[in-house]
Structure formats: structure tokens, C-alpha cells
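Everything on this sheet refers to the single structure shown next.
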Amino acid sequence: MSFPFFDMGDGYDLVLRDLHTVDALHDRIRRNRPRLRLIEPWAAEETSLDADRAHTRAQLEEWMEGRALPLAIRYLEVPIGAVGLRIDREMGTATLAYWVDAAVEGRGAVTRAVSAVVAYGFSTLELARIEIRTSASNERARAVAERAGFTLEGVLRSAAVVGDERQDVAVYGRLAGAAVAEEAPPEGD
């Protein structure tokens, strides 16, 4: 399965997460873990570089099987975050997730990445639906979803375990062919 390189302009691009990006992303996750563990179940525990390499290999296998699209968000060729799809081919749907280093939040990188992945998901992967599930308290992630044309479909009460607490999960959906309102270039993340 081939994946095109995405040039998102202004020095931002998307590349396949692979063993070339894992070291830099491991470092970014390590530096951002205190804030990520408040909103992301996967960030609760420290991971070793070897564990992150194994996770990346597993994601690449899923990509080869058409079940995932794991991408690194880069700025000037330096990985600064990630965006990806978990794909259910049978249903023609996918779940989209994203994060970015706090040092580059608010510059539009995530909004650009989400828009590029959504366009690819609908046009190339021929998905019928993409959804975003995020902690209901994660205002930045929710704002990205709304800027990218997703509709809040509901809040699942106490649906995720994050650290030692249960959190509500906001569910956003977007259907193939859904019009997105014209707006100014993306700002913020």
C-alpha cells in the first residue's frame, strides 16, 4: 500500500510514521506526557523507546493490511506530533486521532493535518464516515474537530479511563460528501 507525501504548506508535512520518526516522536511524547496523560488513555504510562519502536512496527503492519494510517506531523522535517486513522474496511468507517507538541500548539498544524487526512480518507480510501472521539474536557481537540467540519453527535458519559479517573468522551462524526463551511485559513490547534 502506498501513501503519498503530504505537503501542507508553510514548512508542515505528513509522512508515514516509521522507524525514522519513532525516536523524535518518543522524545516529544516523553516531554508532553504530563499534559497528555490528563486527556489520553494511551499516555498514562511511561514507555521505553523499544516499546515505542514495537508499537510503530505494529502500526506499520496494520497500515500494510489497510487497517490503519499512522502519520507523523512534521515541521521543517522535524516530527512534532501525530495523526492517524483506525480503519474498519468492512463498515467503511475510521476513527481519527491526533496530538501535537505543546511547543507548537496554536499554529494550525493539527487542523491542517486533520483536513489532509480526512480528504485522503474520503477520496482515496473511499470511507463513508470518519469519527473523532476525545475527552469532553479537551477543548483544543474539540475545536479542531469543529474546524474540520465534524458534527458533535453526543457525549458518552464516563466512557474512558484516563489515569485514575473516568472521563466523558465527546463523539464527532463527518460523512463523505458533507460540505464544510468556507472559513479563513486554519488558526490554532
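Here, each number is a calculation from the coordinates, and none is a lab measurement. Since the model is a prediction, treat every value here as computed from it, not as a measurement. Positions of Cβ are backbone-derived with ideal geometry, glycine not excepted, and every protein chain shown enters the neighbour counts.
Brief remarks follow.
- With the gyration tensor restricted to C-alpha atoms of the chain, the semi-axes of the equivalent ellipsoid amount to 22, 20, 18 Å, longest first.
- Modelled FRET efficiency - R0 25 Å, Glu65 with His20, Cβ distances, 0.05 increments: 0.75
- In the chain, excluding the sites themselves, the longest stretch lacking any of the GluC sites (Glu not before Pro) that are in a DSSP loop with at most 10 other Cβ atoms within 10 Å is 127-181.
- Leading residue at positive end of dipole, the chain (Cβ point charges), from Leu175, Ser115, Ser135: Ser135
- Sorted by Cβ neighbour density within 10 Å, fewest at the top, the residues Asp13, Asp168: Asp168, Asp13
- Theoretical FRET efficiency, 1/(1+(r/R0)^6), r = Cβ-Cβ of Val78 and Glu126, R0 35 Å, to 0.05: 0.60
- Taking 7 Å steps out from each Cα toward its Cβ at Asp164 and Ala143 produces label points 3.1 nm apart.
- Amide H to amide H, with H built 1.01 Å from N, Ile73 comes under 5 Å of Ile80, Gly81, Ala82, Val83, counting only residues 5 or more places away or on other chains.
- Choice from Leu71, Leu125, Leu96 with maximal GNM fluctuation in the chain (Cα, 10 Å cutoff): Leu125
- Extending 7 Å from Cα along the Cβ direction at Glu153 and again at Ser48 yields two label points whose distance is 3.9 nm.
- DSSP-loop trypsin sites (Lys or Arg not before Pro) across segment 104-145, with at most 11 other Cβ within 10 angstrom: none
- Equivalent ellipsoid semi-axes, segment 13-82, via Cα gyration tensor eigenvalues times 5, rooted, Å: 19, 15, 11
- Tensor-based shape of segment 6-52 (alpha-carbon gyration tensor, a/c under 1.5 rounded, otherwise prolate or oblate): oblate
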